[in-house]
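Data first, discussion second: the structure below is written as structure tokens.
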Amino acid sequence: MSRLLRVKISALGTYVPPRLLTNEDLEKLVETSHEWIIERTGIRQRHIAEKGMASSDLAVEAAKNALAERGITPSDIDVIIVATVTPDMFFPSTACLVQHKLGAKNVWGFDLSAACSAFVYAVQSGAQFIATGAHQKVLVIGADVMSSIIDYTDRSTCVIFGDGAGAVVLERAEEDSVGIIDFLHEVDGSGACSLYMPGGGSLHPSTHETLDKKMHYVHQDGQAVFKFAVRKQAEICERLLRRNGLRGSDIAVFIPHQANKRIITATADRLGLRPESVIINIDRYGNTTAATIPLAMDTARREGKLKKGDLVMLASVGAGFTTGATLLRWAY
Ligand code: UT7
């Protein structure tokens, strides 16, 4: 087999809908309090899409920002991968809708379903097309309108999630000193019923009964997910670091999935990360599922923390269970 090419992230763009849902707003909807939410999750507010605004709309805005940053047009893209649990429809894929809205002429693409780990899985999947030389430019987008599948009478889920999108362009890295170094992914389907949307699929097609039973909303055993995430996120990162001869203190920027501030700090403590390396923006966005990691990349950049050559680790745990970690050196 010929040598695989090195792959880098060459541009980043994000988008969140303007409307805010604050903890104080939620106090009016369910029996909760700002104090409980901030203490148990770290969240202050989330962005919520207006009615009629779908994941493809958020995805397109994020994609346009990424393409503008790179100075390329939609026609320069070869593949679009959309990571999402809230596709506009079951089919066609959101990637097709994004292709059409962007006017990307020379492209193929698909959706990738891995819940909160979908962005890191999509980056790694897209990277294979560049590494083999099959394609030059891959657009990877994480986009979710979580508010479309949340029950705003269920206080155990409605305080957590928000809407948003983030996109990156993947390309060949000409220099060996930047780009993706390694990754480690795992799925464990024994956790399927700890976090899921039971209705609407082939198992429980939508009926009046599934609607009455609220099966078209997110159902979560919060404590089971919390315990798994705290253990597994640190474990997978430790294994990835070890096999690359690295320690937590070597990481310049740690960009974890933003599910709960307590999960992030527990992971950071166990890995021995330097506090200033850990990116947290859950206070502003909540858990936007596939969009948390690109949104946190953007936060790191705005805080002046992402510089060329920096050693970056991405990490996620989500429904499935899905787990993922990626090591890379920031390229620009
Ligand atoms: O992206 C991956 C997906 N999800 C996750 O990673 C979520 C992981 N889990 C979590 O983040 C946390 O488990 C939650 C934030 C969901 C819940 O926090 P917790 O500290 O695990 O709370 P709990 O479920 O153990 O509930 C403690 C108490 C309960 O009351 P009682 O039984 O002690 O009287 C709940 O009914 O807090 C109550 N509670 C609330 N109270 C006020 C649950 N939700 C709320 C709420 N406001 N929103």
Given 148-155, 214-221, 79-86, 259-266, the highest-first ranking by average Cβ count within 10 Å works out to 79-86, 259-266, 214-221, 148-155
Taking 177-190, 25-38, 282-295 and ranking on average Cβ neighbours within 10 Å, highest first, one gets 282-295, 177-190, 25-38
Burial-style ranking of 164-175, 41-52, average other-beta-carbon count within 10 Å with highest first, yields 164-175, 41-52
Percent antiparallel among DSSP beta bridges confined to the chain, rounded to 5, stands at 70 percent
Summing -39500 (n - 2.57) over every DSSP H run of at least 4 in the chain, dividing by its residue total and rounding to the nearest 500, the 222 nm mean residue ellipticity is -9500 deg cm²/dmol
Percent antiparallel among DSSP beta bridges confined to the stretch 33-177, nearest 5, equals 45 percent
Honestly the stretch 251-330 on the Cα gyration tensor test (a ≥ b ≥ c root eigenvalues; a/c under 1.5 rounded, otherwise a/b vs b/c for prolate or oblate) is just rounded
Under 5 Å from the placed amide H of Ala83, counting only residues 5+ away or on other chains, we find Leu112, Ile141, Gly142, Ala143
Set Lys64/Lys227; Lys261/Lys308; Lys8/Lys232; Lys232/Lys308; Lys105/Lys305; Lys261/Lys307, cut-off 31 Å on Cα-Cα distance; pairs above it are Lys64/Lys227; Lys105/Lys305
Note to self: C-alpha centroids of the stretch 256-302 and the stretch 114-153 sit apart, in Å, by 18 Å
In the chain, helical segments from DSSP H whose Cα atoms cover 30 Å or more along their own axis and that average at least -0.5 on the Kyte-Doolittle scale are 222-243
With the dipole of the chain defined by +1 on each Lys or Arg Cβ and -1 on each Asp or Glu Cβ, the option from Thr153, Asn23, Val225 whose Cα lies farthest towards the positive pole is Val225
The alpha-carbon center of the stretch 220-250 and that of the stretch 47-93 are separated, in whole Å, by 29 Å
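Just so you know, all these numbers are worked out from the coordinates, no wet-lab data involved. Small disclaimer: the values here were computed from a predicted structure and weren't measured. Reconstructed Cβ throughout: ideal geometry from the backbone, glycine too, with neighbour counts over all protein chains shown.
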